[in-house]
Amino acid sequence: MDGKEAVVSMENLRRFRHNVMNVNSISAFESIRGGVNENCKDVYFVRFVGVCDTLVTDVRRMDGDMAGRMRDGHVIYRRVLRLPFGCGPDTLLEYEKYYDLWNRRQKASVSTRVLPGCAEYAALLGEGLEKILKIYAGRKAVNASMEKNFVIKMLYWHDFLLEDALRQWEFGRSVKIVLSNLVKQQEYLFACLLTFLGCDVLLLQCEADISAGEEELGLSEKVALGPFGKVNLPEFDGAAVLTGKERTESAKPVSIQRPERAAKPVSIQRPERAAKPVSIQRPERAAKPVLIQRPERAAKPVSIQRPREAAGRAEKSFEQLAQLASSVVMIGIHDRSGKMIGTGSGIMIGPNGYILTNSHVASGGHSYSIRIEEEETVYSTDELIKYHSVLDLAVLRIDRRLRPLPLCTGAQKLLRGQKVVAIGSPLGLFNSVSDGIISGFRKIDGVDMIQFTAPTSHGSSGGALLNMYGEVIGISTAGFDNAQNINLAVGYESILPFIKGFT
């Protein structure tokens, strides 16, 4: 991390050839081992599409065979049902440092938690990232923020899979990775990255295959097993095999569905935080009350309203604010099979298709459908560009020019009692408008929140909270089912740095 590690020149880096032999069964994937000729290694990247009667049995047998070979030191094997969605703020800061290091080294080398200090592997990973970023950037307009978040995600997933596996680097070592149902573009590109590191990769595409665009890359070979369907594949704990701490329960089948999400619409509450009582402490900005007492001889009471002409702008009527609903969208959240499992809301923040919503809305989906007011077209996307689980913010992108809402810049301080308007899609009721006031400022799990009274319900998450000038002062985030009009929004102070580069 100090930048002093030796860097291997590009001319000496290893090269790879993809799929020089056919792999048409799980047993063939197990047994095949890519040959090494000088600086070139053969790797295998295969997609098994659909389901056959023996799939679960074949996967269990492969797990057992590979566990034995791992214990004997002949192979590194990893099989996971899903890649992690996000990481905490401390981890995010760590991976931002890895990204900065990669840039300082002109994208030629990068170190992470895996094999720190190994110059050859750092160079291989650095070049692999550059290759996969070129593929990603070649298919869409990518700004600096999108590049950063893409690379951080690749590095985080890389360490998630390989941190406990690669104890030392050997170019000819057999490393086999099995992943399930990768339908998002970034997930598939991560699988491509693994092959650029010398891994053999098998994708079990039981429920859906990759898009035509990804297939055009020509990196993976397709093997049809049968029709698409849902199967309960067992978990596999590769780290436990290496440490000799295998758990008997790891053999039990685990559903790849998330029934708890499918049974309910997306909640605007954060269940993981519900165990903690809401703090009633006031942040610094609420520490000084606004004085409304009258001086003894004053002819008129001291007004706490903001002069409309102070900033060269006028407050809008409720009818005018309601017209801004055309820049607030309804988001449908879909599972791997395309079934809608809930709805949420989002705010247009950038003309090039960028939509701000909550992380807890986006995290439940594998794809999203976006509805815009007074349009019949429904826009489908799987582009989750950026997210932050602690701030509960995320950015999606659709292929359309948008009319973003103006954002509050803090020129005038927010006050308790000031009027606000909320726009969202509660219970799927598209772009409902409600009004209320700011009733307080709270700090929830370390995040500054605006408490407001404008009514919201499930599905309002990600919607706009506006001041009377029509500026976004917050994004509706949470509410309390057993209370009356106690709702919370993440404020503009957190939103502005998060969406920098998208507006």
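The values are calculated or read from the model by the stated rules, or taken from the named source; none is laboratory data. None of the values given here were measured: they were computed from a predicted structure. Here the Cβ is made from the backbone with ideal geometry for all residues, glycine too, and neighbour counts use every protein chain on show. Keep in mind that these areas ignore ligands, DNA and RNA; they rest on the heavy atoms of the full protein, side chains included. Shrake-Rupley method; radii C 1.70, N 1.55, O 1.52, S 1.80 Å.
Screening the candidates Leu219, Leu233, Leu204 for the property of being in contact with a helix residue (DSSP H, G or I) (Cβ under 8 Å, 6 or more places away or on another chain), open to solvent by 10 Å² or more (accessible area, probe 1.4 Å) and touching a residue at least 24 places away in the same chain (Cβ under 8 Å) yields one hit, Leu219. Among the residues making up segment 76-85, those that are crowded, with 18+ Cβ neighbours inside 10 Å and not hydroxyl-bearing (Ser, Thr, Tyr) are Ile76, Arg78, Arg79, Leu83. Looking only at segment 448-503, filter to residues that are assigned to a loop (DSSP other than H, G, I, E, B), without any contact (Cβ under 8 Å) to a residue 60 or more places away in the chain and among the hydrophobic types (A, V, I, L, M, F, W, C); which one of those is least open to solvent (accessible area, probe 1.4 Å)? It comes out as Ala454. Check whether at least one residue in segment 426-435 is of a type in the set (Gly, Ala, Ser), open to solvent by less than 50 Å² (accessible area, probe 1.4 Å) and assigned to a strand (DSSP E or B), and report yes or no. Yes, the conditions are met somewhere in segment 426-435. Of the residues making up segment 368-388, one or more are more than 15 Å from the chain's Cα centre (by Cα), surrounded by 20 or more Cβ atoms within 10 Å (Cβ to Cβ), over 29 Å from Leu93 (Cα atoms) and not charged (D, E, K, R).
Taking each residue of segment 103-119 that is on the phi > 0 side of the Ramachandran plot and looking for partners that are open to solvent by 20 Å² or more (accessible area, probe 1.4 Å) and modelled with pLDDT of 90 or more with beta-carbon atoms closer than 7 Å, six or more apart or interchain, yields Lys107/Glu130. Considering Gly417, Gly342, Gly365, Gly338, the condition of being closer than 25 Å to Cys87 by Cα and either touching an Asp or Glu at 6+ places or on another chain (Cβ under 9 Å) or surrounded by fewer than 17 Cβ atoms within 10 Å (Cβ to Cβ) (or both) is satisfied by Gly365 alone. So, of the residues in segment 128-182 that are aromatic (Phe, Trp, Tyr) and assigned to a loop (DSSP other than H, G, I, E, B), which turns out to be farthest from Pro116 (Cα to Cα)? Checking each candidate, the answer is Phe171. For segment 129-141, filtering for residues that are more than 11 Å from Leu189 (Cβ to Cβ) and either open to solvent by less than 20 Å² (accessible area, probe 1.4 Å) or in contact with a Lys or Arg (Cβ under 9 Å, 6 or more places away or on another chain) (or both) leaves 2.
Any residue in segment 157-167 that is closer than 30 Å to Ala67 by Cα and among the small types (Gly, Ala, Ser)? Checked against the condition, which is being closer than 30 Å to Ala67 by Cα and among the small types (Gly, Ala, Ser), segment 157-167 yields at least one hit.
Listed here are the residues, each with its yes/no results for (1) among the charged types (D, E, K, R); (2) open to solvent by 50 Å² or more (accessible area, probe 1.4 Å); (3) modelled with pLDDT of 90 or more.
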position: Ser303; (1), (2), (3): no, yes, no
position: Pro307; (1), (2), (3): no, yes, no
position: Glu315; (1), (2), (3): yes, yes, yes
position: Ala322; (1), (2), (3): no, no, yes
position: Ser326; (1), (2), (3): no, no, yes
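Scan segment 151-175 for residues that are charged (D, E, K, R) and in contact with a helix residue (DSSP H, G or I) (Cβ under 7 Å, 6 or more places away or on another chain) and the total you get is 2.
Among the residues of segment 41-61, just one is surrounded by fewer than 13 Cβ atoms within 10 Å (Cβ to Cβ) and not hydroxyl-bearing (Ser, Thr, Tyr), namely Asp53.
Test each condition in (1) of a type in the set (A, V, I, L, M); (2) at pLDDT below 90; (3) touching a Ser or Thr at 6+ places or on another chain (Cβ under 6 Å) for Leu384 and report the one that comes out false. The single condition Leu384 does not satisfy is (3).
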